[in-house]
Every structure is written in C-alpha cells, then in structure tokens.
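What follows is calculated from the coordinates using simple rules that are stated; it is not laboratory data. Model, not experiment: these values are computed from the prediction. FYI the Cβ positions are ideal-geometry reconstructions off the backbone, even for glycines, and counts take in every protein chain you see.
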Amino acid sequence: MSEVALVVRRLKRRIMEEDKIYRCSACNKSYVYKAGLSRHQKYECGKEPQFQCPHCPYRAKIKSNLTAHVAYKHMNFRLATHMHQMFQNVHIIAQFIST
Ligand SMILES: [Zn+2]
Ligand SMILES: [Zn+2]
C-alpha cells in the first residue's frame, strides 16, 4: 500500500473516532463518554459554579474539581499526587492547572 493511501486510511479512522464523541449542542464541548456529556449538561452547561473553596474565592461546577483544586492549591504536593492517583482522572487535574 502506498504511503498516501495509508495516511488517508488513518485520517478516515480518526474522523470515525471523532464521530463517536458526544457533543453538547449548547456549547459544543465534547465528551468521549455519554455519562460525561450528561454530567456536563446537568451540572456545568450554563450553570453557575456551586462548590465554593473554603480556602480561597475559587468556585467549581463539579465537586471533584473542587476536591482536586484543594489538593493542588492548598495541600502539599505529596498529598496532591496521592489525590491525583486516587482520581485517576488526568483531565480534571489538567483542567485547573491551566486556569
Ligand atoms: Zn454545554
Ligand atoms: Zn482554593
């Protein structure tokens, strides 16, 4: 098979994979799992953050985000790393490291 054909095949596969993603019709955020999208629509989309950090003015829309925020911003690094492993959810952690 030629190299071009291989690339085309790879691109097609990627497009098919993207089709499997669940997208919020209101804000176009995408989720790999349907549960992620329903959680987003229930708690996040168009909603005010309702979980207030007890240590600073940070507010989170999802409780696990707040827990992860507290771990990273207000606890020591070892504990934060432990929390990270507990969550096994890099996306949640990455989300507010960037904010
Ligand atoms: Zn949305
Ligand atoms: Zn805080």
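Return the residues of the range 24-63 that are part of a helix (DSSP H, G or I) and surrounded by 13 or more Cβ atoms within 10 Å (Cβ to Cβ); say none if nothing qualifies.
In the first step, residues of the range 24-63 are kept if they are part of a helix (DSSP H, G or I); the result is 34-44, 63.
Within the range 24-63, 36, 37, 38, 39, 40, 41, 43, 44 qualify.
Looking at residue 40, is it more than 16 Å from ligand 2 (Cβ to nearest atom) and at negative phi?
On the way: more than 16 Å from ligand 2 (Cβ to nearest atom): yes; at negative phi: yes.
Yes, satisfied.
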